[in-house]
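The values are calculated or read from the model by the stated rules, or taken from the named source; none is laboratory data. Worth saying up front: this structure is predicted, and the values here are computed from it rather than measured. Here Cβ is always computed from backbone atoms with ideal geometry, including for glycine, and neighbour counts include all displayed protein chains. Only protein heavy atoms, including side chains, enter the accessible area calculation; ligands, DNA and RNA are left aside. Shrake-Rupley method; radii C 1.70, N 1.55, O 1.52, S 1.80 Å.
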Amino acid sequence: VAGFSSRGPLNGDPQRTYPDIAACGVNTVMANFDSEGSSYTASGTSMASPQVAGAGAQLRARFPALTALETKAVLLGSTYDLAAQNPGLSRNDYGMGLLRNDRAHELVLGGAYGNGSLTSVAPTMNFSMPVVGGMGYQVAIAWFRQDVMSTAWSDLDLAVLDGLGAVIGQSTSPRNLYEMVRFTAPTTGTVTLRVQGTAIAAGVTQPFAWAFGEQAPIPVTGSATTFGAGCAPECTSINEQGGTLAPLLQASEFAYDMVAPTAMQILGVDVYTQAIVPAGVVMGIYTMVGGS
């Protein structure tokens, strides 16, 4: 979190944490004012805030049926947890985490969001969510004030219960207009999301939206080593032809080495490339057999 970042709690309302979400605001490259052919780089909350607003606008443009309330829940529910990278800081420094526009789109495409409504007569709603044991998940609820002229609004709490009804995660902030829980599923099956209205403003119905998804994994930084010179002894066993790496416009091979901080199971690999050759060029992906 940058030193200039806004910090909570909210002035005049110490029980309301702030901000709700964080976005990149350091060395942000953007369009230059009155100059089509150049860019402008700057830092500040004025760079981070438009990214969140733009992410919400993009979601609603791609998914026209998405409401503003659902959009808020989706953006919160798809954030990346920043706690590990910011020891000693709290949600009053980075909110629920870093904006992840890509994961927000994945969440909506997967249909893992919806709406509910609470009243003083029926102040609790339960939802069932499928989970895989050992996987990390996060769920967010959000609601709006019913009377924007008042500083009093509904207080909703969120809890996650396992198959036996035991609470495995909960969020009960008294003054926010959202709650969010991150948890690890104890077993494969379903968990229950319990939304409870501890106070319904003015006794009216309180609509809310929810969003649910997997936690973003902690990124592992890898390194790239070219085949040929400099990669022995692997070159002779993996790159049968050996030799020095050919120019990039010809046949080329690369090796990517990743050292994980802890034991993990690799479920998939994404490779992003940029080609300056005609379409139809064959790419092969090879893995070590019996290696680490």
Counting only helices (runs of 4 or more DSSP H) wholly inside segment 1-107, the ones holding at least 3 residues that are open to solvent by 50 Å² or more (accessible area, probe 1.4 Å) are 45-62
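I need the full set of residues from segment 143-158 which are aliphatic (A, V, I, L, M) and buried (at least 19 other Cβ atoms within 10 Å of the Cβ), in order please.
Matches in segment 143-158: Leu156, Leu158.
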Could you tell me whether segment 214-222 includes any residue that is in a strand (DSSP E or B), surrounded by 15 or more Cβ atoms within 10 Å (Cβ to Cβ) and at pLDDT below 95? yes
Segment 113-142, residues that are open to solvent by less than 60 Å² (accessible area, probe 1.4 Å), part of a strand (DSSP E or B) and in contact with a Pro (Cβ under 7 Å, 6 or more places away or on another chain): Ser117
For the subset of segment 186-201 comprising residues that are modelled with pLDDT under 95 and surrounded by 17 or more Cβ atoms within 10 Å (Cβ to Cβ), which member is farthest from Gly114 (Cα to Cα)? Ala201
Could you list, ordered by first residue, the pairs with Cβ atoms under 7 Å in which the first is in segment 85-111 and more than 16 Å from Ser49 (Cβ to Cβ) and in contact (Cβ under 8 Å) with a residue 40 or more places away in the chain and the second is aromatic (Phe, Trp, Tyr) and open to solvent by 30 Å² or more (accessible area, probe 1.4 Å), at least 6 apart or interchain? Asn92/Tyr18; Leu107/Tyr113; Val108/Phe63
Test each condition in (1) closer than 25 Å to Pro9 by Cβ; (2) at pLDDT 95 or above for Leu59 and report the one that comes out false. (1)
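Filter segment 155-187 for residues that are part of a loop (DSSP other than H, G, I, E, B), farther than 20 Å from Arg91 by Cβ and in contact (Cβ under 8 Å) with a residue 24 or more places away in the chain and give the result.
Correct list: Asp162, Gly163, Gly165, Ala185, Pro186, Thr187.
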